[in-house]
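The values are calculated or read from the model by the stated rules, or taken from the named source; none is laboratory data. Note that the coordinates shown come from a computational prediction; the quantities given were computed from them, not determined experimentally. With ideal geometry, Cβ positions are generated from the backbone for all residues, glycine too; neighbour counts draw on all protein chains shown. For the accessible areas, the whole protein counts, side chains as well, though only heavy atoms, and no ligand, DNA or RNA atoms are used. Shrake-Rupley method; radii C 1.70, N 1.55, O 1.52, S 1.80 Å.
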Amino acid sequence: MIDRGPGMRLIKSAPQMPGRGHLKPESSFRVTPRSEAVRPPVSIFGFLKKSGSAEDAAQSPAEATAKAPAPAAPEDKRPSWKDRLRAGLSRTRATLSTPVGDLFRRTRIDEALFEELESTLLMADCGVDATQFLLAELRTRVRRDKLESGEQLRGALAEALTALLAPLERPLDLSSAKPFIIMIAGVNGSGKTTSIGKLAHHFQAQGKSVLLAAGDTFRAAAREQLVEWGRRNDVTVIAQDGGDPAAVIFDAIQAAKARGIDVVLADTAGRLPTQLHLMEEIAKVRRVIAKADPTGPHEVLLVLDANIGQNALAQVKAFDAAAGVSGLIVTKLDGTAKGGVLAAIARQQPKALRYIGVGEAIDDLQPFKAAEFVAALLGTDGNE
């Protein structure tokens, strides 16, 4: 046990770390007024099963045996990431094609086609700036390359959009520090805590050890939600029932250093950019992280819900001013027709787009790749 002053303590619960103090077994998750490291001895394999759910995990061995498929029946392969990305972007792709169904099938490029394309890009929430930029690029290419058909115009649009989004494609490099401290921010309901759980799984697949810090001490279910993700991924969670979120994250960083953890994912409370006192608090969290590790935080990720469209720009600006955003995660692209907002971000707030999410599965959060995204968006990947 490491005391950190009144009301704060860290209980070492990882059985593989001998000599780090008294080991206190955890038979269940408990809410206490002190910081705890919760690491239940639950295997991850049940969670990774394709049909795994809370109900499946709770069923008896007899029920599991009865429901198990016959050994001779092969399991269906899960769709690839490209297939899932294409399916997730279907609503935005429909916006880019349904209103003007024959847009790219025309045999002649004229001003009417450009006007319809302008309306389509705006409906996909590309924004006025990005839309005008793309149209100017297309007009230049039509004159320079003597394009004549709608299909040629679609190819030119794919190239222009890929070039616009390419600067956002900057994969996250975890090798610069140990522990690599990632601070996660976002508004309520953006998918912040869920993204942390998916990131933990993603980093584990790269062979990294992960520790989670439950810094959202305001929302009633936030701690329990993060603890559940820790259980599913079999990683330690440093948590506290109420209190100062900065102190929880400070304890988590100290624990990560003592245990040789590779990555610390620090959750923070969801807040609106208009809540100035909460925005000041997130700035305080960043300062406390810098005290725990003078080089940290090494990444500040802002989680954006794709459904908000152009409002994403205001969120990036506000959180960047308060916490110094270095990267973005855009979630819920499968539930919106506003995937064009990435073009608006590229033009007005060109932060590194680290990851995009197109589903609820644990591996439906993947690094952003511009060419792959555009091909799925415009249907130029040969699957249409």
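Are any residues in segment 256-292 assigned to a loop (DSSP other than H, G, I, E, B) and without any contact (Cβ under 8 Å) to a residue 60 or more places away in the chain, and if so, which ones?
The answer is Ala269, Thr274, Gln275.
For segment 214-231, what are the residues that are more than 12 Å from Thr194 (Cβ to Cβ) and either basic (Lys, Arg) or touching a residue at least 40 places away in the same chain (Cβ under 8 Å) (or both)?
Ala214, Gly215, Asp216, Thr217, Phe218, Arg219, Arg223, Glu224, Val227, Gly230, Arg231, listed by residue number.
Residues are listed down the side, and each one gets a yes or a no for (1) within 24 Å of Leu265 (Cα to Cα); (2) surrounded by 21 or more Cβ atoms within 10 Å (Cβ to Cβ):
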position	(1), (2)
Val303	yes, yes
Ala312	yes, yes
Val325	yes, yes
Val330	yes, yes
Gly340	no, yes
Ala346	no, yes
Asp363	yes, no
Glu372	no, no
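Would it be correct to say that Leu211 is modelled with pLDDT of 90 or more, open to solvent by less than 10 Å² (accessible area, probe 1.4 Å) and either on the phi < 0 side of the Ramachandran plot or in a helix (DSSP H, G or I) (or both)?
yes
Mind listing just one residue for me: the one in segment 170-197 that is touching a Ser or Thr at 6+ places or on another chain (Cβ under 9 Å) and part of a helix (DSSP H, G or I) and, of those, surrounded by the fewest Cβ atoms within 10 Å (Cβ to Cβ)?
Only one residue tops the list, namely Thr194.
Show me the strands (runs of 3 or more DSSP E) entirely contained within segment 293-384 in which 3 or more residues are in contact with a Gly (Cβ under 8 Å, 6 or more places away or on another chain).
299-305, 327-331, 352-357
Confirm whether Leu313 is hydrophobic (A, V, I, L, M, F, W, C) and touching a Phe, Trp or Tyr at 6+ places or on another chain (Cβ under 6 Å).
When the stated conditions are applied, Leu313 does not pass them.
Can you tell me which residue among Lys317, Lys284 is out of contact with any strand residue (DSSP E or B) (no Cβ under 9 Å at 6 or more places or on another chain), open to solvent by 20 Å² or more (accessible area, probe 1.4 Å) and under 20 Å from Pro167 (Cβ atoms)?
Lys317
Suppose the filter is in contact (Cβ under 8 Å) with a residue 12 or more places away in the chain, in contact with a strand residue (DSSP E or B) (Cβ under 9 Å, 6 or more places away or on another chain) and surrounded by fewer than 21 Cβ atoms within 10 Å (Cβ to Cβ); does Pro167 pass it?
yes
Okay, residues lined up against (1) hydrophobic (A, V, I, L, M, F, W, C); (2) part of a loop (DSSP other than H, G, I, E, B):
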position: Val128; (1), (2): yes, no
position: Arg139; (1), (2): no, no
position: Val142; (1), (2): yes, no
position: Glu148; (1), (2): no, yes
position: Leu153; (1), (2): yes, no
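Go through segment 262-281 and give me each residue that's under 21 Å from the mean Cα position of the chain (by Cα) and either closer than 30 Å to Asn311 by Cβ or among the aliphatic types (A, V, I, L, M) (or both).
Val263, Val264, Leu265, Ala266, Asp267, Thr268, Ala269, Gly270, Arg271, Leu272, Pro273, Met279
Would you confirm, using the coordinates I've provided, whether Gly379 is open to solvent by less than 40 Å² (accessible area, probe 1.4 Å), over 16 Å from Gly189 (Cα atoms) and at pLDDT below 90?
yes
I'd like the residue in segment 214-234 that is among the basic types (Lys, Arg) and open to solvent by 60 Å² or more (accessible area, probe 1.4 Å) and, out of all such residues, is farthest from Lys178 (Cα to Cα).
Arg219
Name the residues in segment 79-113 that are surrounded by 15 or more Cβ atoms within 10 Å (Cβ to Cβ), assigned to a helix (DSSP H, G or I) and at pLDDT 75 or above, would you?
Result: Leu113, single match.
For Val237, work out the one condition from (1) assigned to a helix (DSSP H, G or I); (2) over 20 Å from Val300 (Cβ atoms); (3) open to solvent by less than 40 Å² (accessible area, probe 1.4 Å); (4) of a type outside the set (Lys, Arg) it doesn't fulfil.
(1)
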